[in-house]
1. Please give the Cα centre distance for segment B:153-174 versus segment A:25-70, rounded to the nearest Å.
2. Does anything in segment B:110-138 have its amide N under 11 Å from the 7 Å Cα→Cβ label point of residue A:29, and if so which residues?
3. Dipole magnitude of segment A:1-130 about its Cα centre, charges +1 at Lys/Arg Cβ and -1 at Asp/Glu Cβ only, in debye to the nearest 20?
4. Using the beta-carbon distance between residue A:156 and residue B:193 and R0 = 41 Å, what value does 1/(1 + (r/R0)^6) give for FRET efficiency, to the nearest 0.05?
5. Relative contact order, percent, of segment A:1-130 when contacts are C-alpha pairs under 8 Å separated by at least 6 residues?
6. To make sure I understand, if each residue's beta carbon is the centre and we count other beta carbons within 10 Å, what order do A:212, A:12, B:209 fall in, fewest to most?
7. Work out how much length residue B:66 to residue B:38 would gain on full extension: take 0.36 nm times their residue separation and subtract the Cα-Cα distance, in nm to one decimal.
8. Can you tally the net charge around residue B:187? Count Lys and Arg as +1, Asp and Glu as -1, for every other residue whose Cβ sits under 13 Å from the Cβ of residue B:187.
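Values in this text are rule-based calculations from the coordinates and carry no lab data. Everything quoted here is computed from the prediction, not taken from an experiment. Here Cβ is always computed from backbone atoms with ideal geometry, including for glycine, and neighbour counts include all displayed protein chains.
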Amino acid sequence: MDFKESGFMYLLGGLVVLFVTGQSFFFLIRAWKQGLKLGLPKQKLKGTLASSVLFTLAPALAILATVITLAGALGLVVPWIRLTVIGNISYEVTAAQSILEAFGVPGGLAVEITDKEVFAAAVWVMTIGSVLPLILMPLFLKKIQAKIGKALNSNAKWSDLMSAAAFIGLIAAFIARAVAGAGDENIVGDGAGVLSIIALLSSIAFMLSFELICRKFDLKWLEPFAMPLSMLLAMLLAALASQTLPESFVTIEWRG
Amino acid sequence: MKNERTYYDKVHRWGKISSISALAMMLSVPIAICLYFDIWPSAAGVFKGLLKIVPLFWTVAIIEVITYAPLLGAGGTYLSFVTGNISNLKLPCGLNAMENAGVRANSEEGEVISTIAIAASAITTTLVIALGVVVFSPLLPYLTAEESFFAPAFKQILPALFGALAAGYFGKYFKISILPIAVGIVVLIFAPKLPVGTLIPITVIFSLLGAHIMYKKKLV
């Protein structure tokens with residue numbers, strides 16, 4: 001039996017999952033109760049819950065795919081743990097790659113780790129590399145939010161505009177990447193190109209159509225699903241496009 | 001007002017406890033592995049590996065906590081930073097939920113809605129990954145393999161996700177959206193390989209500055 005996927009490793013993974021779900025349920029229940037206390041309608045809370053679950057499905061599958069990608073070198077369990085707590089793909093790949101280089105392992109992540117020492121070292125580096133927010137938050141979060149809250153509450157119109165502007169700044173970075181960013185040269189479809197533009201524009205079009213339909217036919221129940229559905233439809237369209245359009249056209253990526 | 005204060009205070013207390021427990025749990029994983037396999041990697045090797053990533057990762061972490069905290073709300077921030085995948089999942093999810101519910105990000109209603117959305121998202125992600133690892137790991141390669149029908153779809157998650165999000169936001173805030181998108185594209189023209197995590201703080205700062213100036217000049 002491979003030591004990286006032994007019963008002991010699965011036990012560790014299971015405990016991490018228990019912790020994370022327990023914590024999330026705790027916050028969920030408290031927020032739900034507070035929402036009812038504030039007079040938010042139950043319907044609205046349920047809508048939030050359902051649309052968030054739907055919204056998360058596709059990205060969660062993508063995260064699962066990265067677990068599988070890393071599993072080649074690290075076994076299934078460590079990538080699973082790392083992507084359940086804090087992890088994200090670019091961090092974990094970089095961290096694992098860096099430790100393999102430090103230990104002079106040839107081939108890097110493309111090769112399965114068989115040395116227990118390298119394996120343990122990789123887990124240490126991946127963990128220490130990503131724990132800082134857990135130290136910063138208990139120390140500073142309350143102060144940061146109190147300061148910002150004070151600034152925001154003094155002028156409601158300005159503060160609404162500022163929080164919208166911050167969201168838009170975030171969205172703009174991803175839009176810019178879909179339009180002009182270079183991808184990983186080993187991955188077809190990762191850089192800005194025909195497919196990223198198809199996905200971007202079609203999801204905008206789907207979203208606008210859903211909004212129009214909701215408004216025209218007064219479909220309140222559909223509103224929370226407009227966004228996740230637009231996303232999934234746009235992804236489906238990208239898959240269809242890459243099957244039906246000429247390959248020389250759909251694989252164009254102008255930034256490499 | 002008094003009620004608001006107590007709820008926020010409680011959230012921060014729970015948040016502190018859960019962050020510290022999460023920290024302890026995370027560190028106990030490598031410790032448990034070393035104890036169980038009775039193998040302790042050389043400190044010099046680990047240090048050498050850390051040296052390459054910590055300066056970058058920890059700087060980004062500081063910027064992320066400051067940038068995302070006001071957007072996610074208190075409960076949302078504590079949860080997001082334990083479960084990760086913030087800019088590509090938790091933040092858009094919370095955003096979408098607040099937009100749908102018609103609540104302001106920095107109100108107590110916004111705090112509640114964003115916490116519910118992010119908690120639901122965290123639970124879904126955790127369960128999907130866990131189920132996937134246990135049940136679907138033999139099947140998954142067929143879904144995401146290079147030759148599968150769905151493979152191109154999975155590579156376009158981010159454009160599809162942020163396109164739909166943009167449609168809702170840019171319609172309402174068209175004027176302040178132009179500058180950050182333009183800045184993002186210009187930066188990428190000169191540095192196409194810049195990771196999106198580094199680009200986010202740049203576009204956010206320009207977006208805030210632009211919106212502030214337009215507000216002062218009474219353009220919005």
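1. 19 Å
2. From segment B:110-138, the list is empty.
3. Roughly 1200 debye for segment A:1-130.
4. Values: r = 41 Å, r/R0 = 0.99.
The formula returns an efficiency of 0.50 here.
5. Values: 89 pairs, mean separation 34.4, N = 130.
RCO, segment A:1-130: 26 percent.
6. So the ranking, lowest neighbour count to highest, is A:212, B:209, A:12.
7. Values: separation 28, 0.36 × 28 = 10.08 nm, distance 3.96 nm.
Extra length from residue B:66 to residue B:38 when fully extended: 6.1 nm.
8. Counting the neighbours of residue B:187, the net charge comes to +3.
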